[in-house]
Amino acid sequence: MSNRDRGMVGSAAQLAACAILAAAGCTSDLDRRFEGHIAYLASDELGGRGVGTPGIDLAAEYVAGEFKEIGLEPAGDSGTYFQTFPITLSPTLTDGGRLAFSGDTTPRKQGTDFIPFNFSSGDSFSGGVAFCGYGIINPGKSHNDFKDLDLTGQAAIIIAGEPPSWADADGTPTSFAMHRDKIYNAKDRGAVAVLIVNPRPTEGNADRLPEFVSEGADAYGIPAFHITRALADSVLQRGGLASLDGLQKKLDEGQFASGIAAHITVEGQAGIQRATASARNVLGKWPGAGPHKDEFVIIGAHYDHLGLRRPMMRKFKGGKLVAEEIAPQIHNGADDNASGTSGLIEIARMFADGPQTDRSILFIAFSAEESGLHGSKYYVDHPLVPLGKSVAMLNMDMIGRLKPGENRVTVFGVDCGKGFPEVVNSAAGSARLTVAPAIDEGGRSDHASFIRKNVPSMHFFSGNHSDYHQPSDDTDKINVRGGTRIARLVYETARELASRESRPQYVEVKREKKDQPRTTTFRVVMGLTPNYSEDGRPGMLVDAVSSEGPAEVAGMKAGDRILRINNKPIANVYDYMASTRGNKAGDTVEVVVSREGKEIALKVTLAGAR
């Protein structure tokens, strides 16, 4: 009796998938199985496979059941298919947050006067108040906002950003502007809390608190809030310091402005809750039978997704970003990454049905990738086969959206293993595909954890699309035949690596990325999804455009290649990100695209990033 027949899957979802396949004339056993896995893993029954939810446990049991049915040996803890590890779940915001300053006659409200950061601890605190400028120590600028300042027992008020003169010619801030460094600068000097305030708003803009976003945050181990400028100004002036505007003016002129706010105390607590849970990687082994059987080719894919949450989407109307409250929705993650997990299962079946290899194959379905590669990071720190015996890692993340008529697969990491280009290109020929090496090694998926341990690793990727991390990433969008061809490509690549006499040697790849932004701060957006591959053709390919976004309003289409923006040549995603860093919302830029062999000039009016 199969894993699916034992009731561990949604039969209705699989029957519907089979009907779709039959209607499309897609009748191979491989196609049916591939689609069937996705239909179950991406069904509402599993609730989006969020870490710490019943749905992800169902998914783990499903993958383990498939491994067992195929005949893989258990490769997890204590003779099981599972490697269990602890994980801290994303923080949630409660109504228990408080912040009160001595002498303040106005009760301060969470969401109005202050909001905790998602990286804040939930500890209560009390102490004095110190103004710490921009919270920066920059020896190159002879700038130290903490000079002669004892922060023991103090809450540090810090202005976000940095002096405007530090930015480069395009207006890009330096790494000193990042919150993380400021937080740790204060924490390392004994601060009991950090209170971040916006710099003086530019003309036409208002001081606003950011929205609390729970996903993807690691705690920095100290209470941390964003407070309004009005609140900070009141506290600092009552403490005998200058106005906030006056203090920032001194800082921007290169003067020292830090100091203790006399006779002012503060107490508070971030209304943050952090729960812990157990997560599980799923591991199966197909043993080799040659002289190198103690060596392993690792094939992996993450099986978790985002669960039930508010969609994190930019919504446009008439080319402008609009705010819209959207109720939480299930994010089924059919492409991300039920497709890669399905490929993992079917590649295991290919090895079980195919010729024996010299080296062994280790199959790993990783958990908690979406929250920070936690499953793969845990594995490489606690490997169940020696990393020194791991000759290569092949990762599949989003292999289900190969565009109709497209044969090009983006592969990250091709240059990090000696012999990789030869192997993967030969395998691509067998699968009737073309490999497009990505412009970097990629730190966005589980292969990155192995690269950091000097294990040659590649990530196979069918491309970006507008459904990425959206509730609309559903099974009906999957290109089944494209996905199975990519799975075949990965199988052929792994089989060759497992059969060769010599193993690939790790090659450290250093690429010049002078135009890559040093922070993730974006002032403006076009409303498009860029392509990350490098195919030798001019320009940057546009994978998708947002409905009613600036790009679509200007006439841009998915499949266009951006050649120039305001006469700046665009060769890749980094050129694209750098091209508008000096612009503001409402600016119009000329974007020259190539479409069907013709150059078309478009006028794109940029929207504010938020």
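Numbers for the structure displayed
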| read-out | value |
| --- | --- |
| Segment 590-610: number of residues that are among the β-branched types (Val, Ile, Thr) and buried (at least 21 other Cβ atoms within 10 Å of the Cβ) | 3 |
| Qualifying position, being out of contact with any His (no Cβ under 9 Å at 6 or more places or on another chain), of a type outside the set (Val, Ile, Thr), modelled with pLDDT under 95 and crowded, with 16+ Cβ neighbours inside 10 Å, among ASP123, ASP104, ASP95, ASP77 | ASP104 |
| Single match in LYS187, LYS182 (criterion: of a type in the set (Lys, Arg), buried (at least 22 other Cβ atoms within 10 Å of the Cβ), modelled with pLDDT under 95 and farther than 29 Å from GLY586 by Cβ) | LYS182 |
| Test: GLY65 is over 24 Å from TRP286 (Cα atoms), among the small types (Gly, Ala, Ser) and assigned to a helix (DSSP H, G or I) | no |
| Test set (1) more than 25 Å from THR105 (Cα to Cα); (2) in contact (Cβ under 8 Å) with a residue 40 or more places away in the chain - GLN255 fails condition number | (2) |
| Only listed residue being within 24 Å of SER102 (Cα to Cα) and surrounded by 14 or more Cβ atoms within 10 Å (Cβ to Cβ), chosen from LEU195, LEU283, LEU251 | LEU195 |
| In segment 427-453, the residues that are assigned to a helix (DSSP H, G or I), modelled with pLDDT of 90 or more and in contact with a helix residue (DSSP H, G or I) (Cβ under 7 Å, 6 or more places away or on another chain) | ALA427, ALA428, SER449, PHE450, ILE451 |
| Residue count, segment 260-290 (criterion: outside any strand (DSSP E or B), touching a Gly at 6+ places or on another chain (Cβ under 9 Å) and farther than 30 Å from THR152 by Cβ) | 1 |
| Residue check for SER121: under 23 Å from SER278 (Cα atoms) and in contact (Cβ under 8 Å) with a residue 12 or more places away in the chain | yes |
| Residues of segment 29-62 that turn out to be part of a loop (DSSP other than H, G, I, E, B) and of a type in the set (Ser, Thr, Tyr), as a count | 2 |
| Considering residues of segment 528-568 that are among the polar types (S, T, N, Q) and more than 26 Å from GLY586 (Cβ to Cβ) only, the residue surrounded by the fewest Cβ atoms within 10 Å (Cβ to Cβ) | SER533 |
| Answer residue from segment 285-323, given it is within 26 Å of THR92 (Cα to Cα) and basic (Lys, Arg) and is modelled with the lowest pLDDT among those | ARG314 |
| Meets criteria (of a type outside the set (A, V, I, L, M), outside the structural domain of MET178 (by TED's automatic domain parsing) and at pLDDT 85 or above) for GLN516 | no |
| Conditions (1) surrounded by fewer than 24 Cβ atoms within 10 Å (Cβ to Cβ); (2) in contact (Cβ under 8 Å) with a residue 60 or more places away in the chain; (3) of a type in the set (D, E, K, R); number of the one not met by ARG229 | (2) |
| Filter result (acidic (Asp, Glu), more than 20 Å from GLU370 (Cα to Cα) and touching a residue at least 60 places away in the same chain (Cβ under 8 Å)) within segment 27-53 | ASP31, GLU35 |
| Selected residue (criterion: nearest to the chain's Cα centre (by Cα)) from residues of segment 423-443 that are closer than 19 Å to ILE299 by Cβ and surrounded by fewer than 17 Cβ atoms within 10 Å (Cβ to Cβ) | ASN425 |
| Scope segment 444-472; condition over 16 Å from the mean Cα position of the chain (by Cα) and more than 15 Å from ASN407 (Cβ to Cβ); matching residues | PHE450, ILE451, ARG452, LYS453, ASN454, VAL455, PRO456, SER457, MET458, PRO471, SER472 |
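The values are calculated or read from the model by the stated rules, or taken from the named source; none is laboratory data. These numbers come from a predicted model, not from an experiment. All Cβ positions, even for glycine, are placed from backbone atoms using ideal geometry, and neighbour counts span all protein chains on display.
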